[in-house]
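**Student:** This is the structure, below, for whatever I ask next.
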Amino acid sequence: PHLRTFRDEFQTCKVEGAWPLIDNRFLSVQVTNVPVVLGSSATATSKITVIFKSYHGCTDQKVYQATTEDLPLAFQDGTRSGGDSGSLTIVERGGSGVGRQVKIQARYMGTSIIVRRVGSYLTFAIRMPEDTLDFSEDSGGLQLCLHGCPRNELIKEHTLGRQSQQPRLQGTNTEMGPLRPPHQVYTVERATAKCRETLQVEDVYFQSCVFDLLTTGDPEFSMAAFGALEDLKALPPSKLKQNSPRPPRLYNQGVSDSSA
Amino acid sequence: CRIQRCNAEYVASTSPSSGLQEDVALDVDYCIALRAYALCTRRQARSCRGDLVYHSAVFRIKELFSQHNCSSDGPTSSAKVPSTSRPAVSELCDYENRVLLSGSASQQKKYAHCGLFGD
């Protein structure tokens with residue numbers, strides 16, 4: 001999947017299996033990623049688990065888990081809020097119409113989370129106050145949101161160039177069930193044109209959209225980038241710039257300038 | 001190593017002049033101050049490795065949590081909440097409200113964003 005870290009770095013990673021996104025004194029977030037197509041190392045997220053740790057006087061420990069089959073509007077214990085203060089709540093989001101969306105608000109730590117189902121997979125977005133994060137190198141080992149993906153998990157630019165020449169077949173995996181009918185094969189030009197329908201600015205999100213179309217050939221899944229951009233806008237106040245004044249650049253990304 | 005700064009902040013936030021008495025065992029404000037002290041020391045862990053004052057503070061904090069029956073999780077605040085406007089628990093469970101109460105509202109809080117999407 002494509003990762004935007006707390007440091008505003010963009011990466012495309014393999015990270016197959018279970019990986020931690022965040023692990024601090026407030027919450028722990030873990031995702032499971034599965035292969036999306038045969039012959040490609042690209043994976044997408046099939047499960048998201050968020051553990052809201054107990055916060056004295058505000059909330060008990062709560063666990064939220066979403067899978068491709070189930071995007072619940074409740075924590076695992078069936079409740080929709082934590083504690084009596086109403087400082088941890090789950091609501092369903094409507095609006096932009098890209099997949100079903102669930103928003104979790106943790107007021108006691110100034111944090112909002114949006115989980116979406118787009119196509120057959122999940123997307124995750126979070127906004128947290130910087131002072132609740134610990135950017136030091138000692139901060140709890142592997143956390144993709146904090147430190148990015150390990151170097152050997154990054155999808156390199158040249159990979160796409162080779163693979164985009166070949167048709168894609170939708171893969172199988174144990175969590176996604178039977179083989180799906182193969183989607184159409186996109187050329188770079190067609191993928192670019194398709195992504196222009198939803199993303200006006202040719203930034204990193206646009207490049208991610210092109211990458212996803214070339215990789216999966218699934219037009220529905222190409223909306224993941226659009227949804228991610230919508231989530232960024234829906235989680236104010238954010239000091240992040242949505243469009244860099246510099247030329248779009250995917251840090252160690254799977255989309256090279258020439259291919260996108 | 002800035003453990004002395006942590007110590008000073010803790011002392012200031014729990015001194016009689018701050019309106020907060022340590023002998024109020026279950027005082028919500030005291031637990032907040034203690035958690036802030038613990039957080040401050042944790043942030044010094046790397047630079048204070050081997051520092052006797054630091055390790056004494058860590059040991060003492062553990063004792064204080066137990067003595068005052070404070071939970072180690074919960075709100076922290078680097079500044080004393082005025083006793084005249086002691087917030088209700090529900091107010092303490094609102095991050096932005098806590099920021100206002102701690103007097104750091106003038107410092108614009110920054111938020112970080114992380115996202116995972118696509119393939």
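**Student:** For segment A:23-39, which positions are closer than 22 Å to A:R117 by Cα and either within 11 Å of chain B (Cβ to nearest Cβ) or within 13 Å of the chain's Cα centre (by Cα) (or both)?
**Tutor:** Of everything in segment A:23-39, those that are closer than 22 Å to A:R117 by Cα and either within 11 Å of chain B (Cβ to nearest Cβ) or within 13 Å of the chain's Cα centre (by Cα) (or both) turn out to be A:V29, A:Q30, A:V31, A:T32, A:N33, A:V34, A:P35, A:V36, A:V37.
**Student:** While we're on this one: Search segment B:100-111 for residues being surrounded by 15 or more Cβ atoms within 10 Å (Cβ to Cβ) and facing chain A (nearest Cβ under 8 Å), and hand back the single one that is modelled with the highest pLDDT. Spell out the reasoning first.
**Tutor:** Let us first name the residues in segment B:100-111 that are surrounded by 15 or more Cβ atoms within 10 Å (Cβ to Cβ), namely B:101-102, B:104, B:109, B:111.
In the following step, the residues that additionally are facing chain A (nearest Cβ under 8 Å) were identified as B:109, B:111.
Values: B:K109: 65, B:Y111: 88.
Applying the filter and picking the extreme gives B:Y111.
**Student:** Among (1) part of a loop (DSSP other than H, G, I, E, B); (2) at the interface with another protein chain (Cβ under 8 Å from one of its Cβ atoms), where does A:F75 come up short?
**Tutor:** Failed condition: (2).
**Student:** Can you name every residue in segment A:53-68 that is part of a loop (DSSP other than H, G, I, E, B) and in contact with a strand residue (DSSP E or B) (Cβ under 7 Å, 6 or more places away or on another chain)? It would help to see each step written out before you state the result.
**Tutor:** If we filter segment A:53-68 for residues that are part of a loop (DSSP other than H, G, I, E, B), which is where we start, we get A:53-54, A:56-58, A:60-61, A:68.
Correct list: A:K53, A:D60, A:Q61, A:T68.
**Student:** Sticking with this structure for a sec: Away from chain B (no Cβ under 11 Å), closer than 20 Å to A:T132 by Cα and crowded, with 23+ Cβ neighbours inside 10 Å, is that true of A:V50? Working first, answer last.
**Tutor:** On the way: away from chain B (no Cβ under 11 Å): yes; closer than 20 Å to A:T132 by Cα: yes; crowded, with 23+ Cβ neighbours inside 10 Å: yes.
In short, yes.
Listed here are the residues, each with its yes/no results for (1) of a type in the set (D, E); (2) touching a strand residue (DSSP E or B) at 6+ places or on another chain (Cβ under 9 Å); (3) part of a strand (DSSP E or B).
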position	(1), (2), (3)
A:L3	no, yes, yes
A:D8	yes, yes, no
A:T12	no, yes, yes
A:S28	no, yes, yes
A:S41	no, yes, no
A:S46	no, yes, yes
A:I51	no, yes, yes
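**Student:** Let me ask something else. For the structure I just gave you, tell me whether A:G86 is without any contact (Cβ under 8 Å) to a residue 24 or more places away in the chain and in contact with a Pro (Cβ under 8 Å, 6 or more places away or on another chain).
**Tutor:** Against the criterion (without any contact (Cβ under 8 Å) to a residue 24 or more places away in the chain and in contact with a Pro (Cβ under 8 Å, 6 or more places away or on another chain)), A:G86 does not qualify.
**Student:** So which of A:K239, A:K194 is surrounded by fewer than 24 Cβ atoms within 10 Å (Cβ to Cβ), modelled with pLDDT under 90 and basic (K, R)? I'd like the intermediate steps shown before the answer.
**Tutor:** Numbers: A:K194 fails: modelled with pLDDT under 90.
That would be A:K239, the only listed residue that is surrounded by fewer than 24 Cβ atoms within 10 Å (Cβ to Cβ), modelled with pLDDT under 90 and basic (K, R).
The values are calculated or read from the model by the stated rules, or taken from the named source; none is laboratory data. Predicted model only: the values in this text are computed from it and were never measured. Neighbour counts run over all protein chains shown; Cβ positions are idealised from the backbone, glycine included.
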